[in-house]
Amino acid sequence: MNICMIGTGYVGLVTGACFAELGNKVICVDNDPRKIGLLKKGEMPIYEPGLDVLVHKNVKAGRLSFSMSIADGIKNADFAFIAVGTPPRSDGSADLSFVENVSREIALNLKKYLVIVEKSTVPVETCEWVKKTITKFNRKKIPFDVVSNPEFLREGTAVNDFLKPDRVIVGLETDRARKTVQKLYGPLKCPILFTDTKSAEIIKHASNSFLATKISYINSVARICEKVGANVEQVAEGMGFDPRIGRSFLNAGCGFGGFCFPKDLEAFLWISKKLGADFEMLESVKKVNEEQMIHFVRKIEESLWIINGKTVGILGLAFKPNTDDMRFAPSIEIIRMLQERGAKIQAYDPISMPNAKKVLQNVTLKDSIYETARGADCLVIVTEWPEFRKINLAKIKKLLTHPTIIDGRNLFKPEDMKKMGFHYASIGRKSV
Ligand code: UGA
């Protein structure tokens, strides 16, 4: 099938490349000349494991191309996917101006029946607005359908998540759209749930908010564990055996971040308030997450006593492993709080250094894990990159001024760290 993918961010580019991999012909459109320029040269504007290989392969096969023109993109298309940004406004609501602009442009260039798929994360009732906007500018009255198809892929594992999804959710209104969508997603051989558009939109916000709730829940449990000397990992394991609860997303840590959970939580809260159906529970989820970062900095303070003038080595800056994404990364807030208390920061991240440079100030970026430990009063782990689990701890011990590690992602066993002579503090477990 012919697909026009509008927006080449994490969602659009991965989705476009994966649809091409499935044998469709995809034109990825973006109004950012820098991004399109890079893609045309074969360079990726973002880091996502496996994406470059997929893009190169499908460009070579003639199934994937890039353009700045929506008119060109939709000329022969069966589908136009809207995968543009919906950034948060200061009141927490989502800014939908890009979605509106794209809808208008699609309408003005409509030549034949088109299924317009809303892929960006949007508040409930956005599809209705997209439909109204397209109807308004669709002067030749060309038939079209608007479909809500929220995305559930995670950064860092996005390609695999797309090709092997747990489910595909499609909110739509007509049989014609249903048949066309079924043809597109059929090859993925996964459950496809057809709903109305509003339910599909709510499924996305409700899913992300629920996952964020699981994290804040286990972080609250972790604080109780710390008070009595219990172990949150064991508690999570015990809870997780119950299939009604499940073990995933019960990893206690120094807080969640990224461009999805914090933003979607805010947007869902905002919409619930607007509709007069206040979702108060989510206020607590947000508050626990903010407090968790403060709590983590307090742990560092308890280990160092006075932070002012001390050098803190930070391992991991991206909001999670296997991505270069620094948006709403917990590291930003943790570093800010440490700097406020007078710490000198040196830091390392395997992939996100170029993005970190843009958002962090007065941070000395180091070339390696070991250079980050050298001369530091303590080492702080913020992101659980796989390579951090394999670090040579004996070497780290020699490089630090004091053998202190504060671990925000529970990478090591406290008893092993004690044996090695470290002072080691982690989340929801006894400090040693
Ligand atoms: C999240 C959802 O998991 C995806 O399903 C969704 O499609 C995506 O948002 C989106 O809306 O686009 P993502 O933000 O890429 O995906 O990352 P996650 O793996 O969900 O992690 C989010 C944050 O939660 C990270 O900071 C991570 O460190 C933290 N986290 C995750 C925990 O602190 N504990 C956990 O047990 C799991």
Residues of region 37-50 classified as in contact with a Ser or Thr (Cβ under 7 Å, 6 or more places away or on another chain) and among the aliphatic types (A, V, I, L, M), total = 1
If you scan region 129-154, which residues turn out to be touching a strand residue (DSSP E or B) at 6+ places or on another chain (Cβ under 8 Å), more than 10 Å from the ligand (Cβ to nearest atom) and open to solvent by less than 80 Å² (accessible area, probe 1.4 Å)?
-> Val130, Ile134, Asn138, Ile142, Phe144, Asp145, Val146, Val147, Ser148, Asn149
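How about region 357-386: which of its residues are charged (D, E, K, R) and either modelled with pLDDT under 95 or within 16 Å of the ligand (Cβ to nearest atom) (or both)? Steps first, answer last, please.
Within region 357-386, the subset charged (D, E, K, R) is 357-358, 366-367, 371, 374, 377, 384.
Within region 357-386, just Glu384 meets the criteria.
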Check off (1) surrounded by 19 or more Cβ atoms within 10 Å (Cβ to Cβ); (2) away from the ligand (no atom under 13 Å from the Cβ) for Gly258 and give me the number that stays unchecked.
-> (2)
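Given region 356-432, what helices (runs of 4 or more DSSP H) lie entirely inside it while holding 2 or more residues that are free of Cβ contacts under 8 Å to residues at least 60 places away in the same chain and acidic (Asp, Glu)? Before the answer, list the steps.
Values: elements: 369-373, 386-389, 393-399, 414-419.
So the answer is 414-419.
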Any chance region 278-294 includes a residue that's in a loop (DSSP other than H, G, I, E, B), away from the ligand (no atom under 15 Å from the Cβ), under 23 Å from Ala94 (Cβ atoms) and hydrophobic (A, V, I, L, M, F, W, C)?
-> yes
Looking only at region 283-294, which residues are surrounded by fewer than 18 Cβ atoms within 10 Å (Cβ to Cβ), under 15 Å from Arg336 (Cβ atoms) and not acidic (Asp, Glu)?
-> Ile294
Checking Asp264 against (1) in a helix (DSSP H, G or I); (2) buried (at least 20 other Cβ atoms within 10 Å of the Cβ); (3) modelled with pLDDT of 95 or more; (4) out of contact with any Asp or Glu (no Cβ under 8 Å at 6 or more places or on another chain), the condition it does not meet | (3)
Selection from region 9-51 of residues that are under 17 Å from the mean Cα position of the chain (by Cα) and not in a helix (DSSP H, G or I) = Gly9, Pro45, Ile46, Tyr47, Glu48, Pro49, Gly50
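Pull up region 222-235, narrow it to residues that are part of a helix (DSSP H, G or I) and open to solvent by 30 Å² or more (accessible area, probe 1.4 Å), then point me to the one that is farthest from the ligand (Cβ to nearest atom).
Step one: filter region 222-235 for residues part of a helix (DSSP H, G or I), giving 222-228, 232-235.
Now narrow it down to the ones that are open to solvent by 30 Å² or more (accessible area, probe 1.4 Å): 223-224, 226-228, 233-235.
Numbers: Arg223: 14, Ile224: 17, Glu226: 16, Lys227: 20, Val228: 22, Glu233: 11, Gln234: 15, Val235: 13 Å.
Checked region 222-235; the qualifying residue farthest from the ligand (Cβ to nearest atom) is Val228.
In the set Val228, Val232, Val221, which member is farther than 30 Å from Glu21 by Cβ and touching a Cys at 6+ places or on another chain (Cβ under 6 Å)? Show your work before the answer.
Numbers: Val228 fails: touching a Cys at 6+ places or on another chain (Cβ under 6 Å); Val221 fails: touching a Cys at 6+ places or on another chain (Cβ under 6 Å).
Selected residue: Val232, the only one of Val228, Val232, Val221 that is farther than 30 Å from Glu21 by Cβ and touching a Cys at 6+ places or on another chain (Cβ under 6 Å).
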Those residues of region 298-335 which are farther than 22 Å from Arg223 by Cβ, among the charged types (D, E, K, R) and more than 15 Å from the ligand (Cβ to nearest atom) amount to Lys310
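Among what's in region 155-173 and is charged (D, E, K, R) and touching a residue at least 12 places away in the same chain (Cβ under 8 Å), pick the residue that is nearest to the ligand (Cβ to nearest atom). Spell out the reasoning first.
Within region 155-173, the subset charged (D, E, K, R) is 155, 161, 164, 166-167, 173.
If we keep only those that are touching a residue at least 12 places away in the same chain (Cβ under 8 Å) too, we end up with 155, 164, 166-167, 173.
Numbers: Glu155: 4, Lys164: 13, Asp166: 9, Arg167: 11, Glu173: 24 Å.
Selected residue: Glu155.
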For region 55-83, how many residues meet the condition of being in contact with a strand residue (DSSP E or B) (Cβ under 9 Å, 6 or more places away or on another chain), open to solvent by 60 Å² or more (accessible area, probe 1.4 Å) and among the charged types (D, E, K, R)?
-> 4
If Ile271 passes every condition in (1) over 26 Å from Glu371 (Cβ atoms); (2) more than 15 Å from the ligand (Cβ to nearest atom); (3) open to solvent by less than 30 Å² (accessible area, probe 1.4 Å); (4) not in a helix (DSSP H, G or I) but one, which one does it miss?
-> (4)
Looking at Leu114, Leu108, which is the one that is open to solvent by 50 Å² or more (accessible area, probe 1.4 Å), of a type in the set (A, V, I, L, M), at pLDDT 95 or above and more than 27 Å from the chain's Cα centre (by Cα)?
-> Leu108
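Filter region 300-355 down to the residues that are among the charged types (D, E, K, R) and either open to solvent by less than 20 Å² (accessible area, probe 1.4 Å) or in contact (Cβ under 8 Å) with a residue 40 or more places away in the chain (or both) and list them by number.
First, the residues of region 300-355 that are among the charged types (D, E, K, R): 301-302, 310, 320, 324-325, 327, 333, 336, 340-341, 344, 349.
The answer is Glu301, Glu302, Lys310, Lys320, Asp324, Asp325, Arg327, Glu333, Arg341, Asp349.
Can you find, within region 236-251, the residue that is nearest to the ligand (Cβ to nearest atom) among those that are touching a helix residue (DSSP H, G or I) at 6+ places or on another chain (Cβ under 8 Å) and open to solvent by less than 50 Å² (accessible area, probe 1.4 Å)? Full working, then the answer.
Within region 236-251, the first condition is being touching a helix residue (DSSP H, G or I) at 6+ places or on another chain (Cβ under 8 Å), and the residues that meet it are 236, 245-251.
Remaining after also requiring open to solvent by less than 50 Å² (accessible area, probe 1.4 Å): 236, 246, 250.
On the way: Ala236: 8, Gly246: 11, Leu250: 6 Å.
Applying the filter and picking the extreme gives Leu250.
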Pairs under 7 Å by beta carbon, first residue within 12 Å of the ligand (Cβ to nearest atom) in region 190-216, partner small (Gly, Ala, Ser), six or more apart or different chains?
-> His205/Ala267
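The values are calculated or read from the model by the stated rules, or taken from the named source; none is laboratory data. Quick caveat, the model's predicted, so the values are computed rather than measured. With ideal geometry, Cβ positions are generated from the backbone for all residues, glycine too; neighbour counts draw on all protein chains shown. Just so you know, the surface numbers come from the protein's heavy atoms only, side chains and all, with ligands and any DNA or RNA stripped out. Shrake-Rupley method; radii C 1.70, N 1.55, O 1.52, S 1.80 Å.
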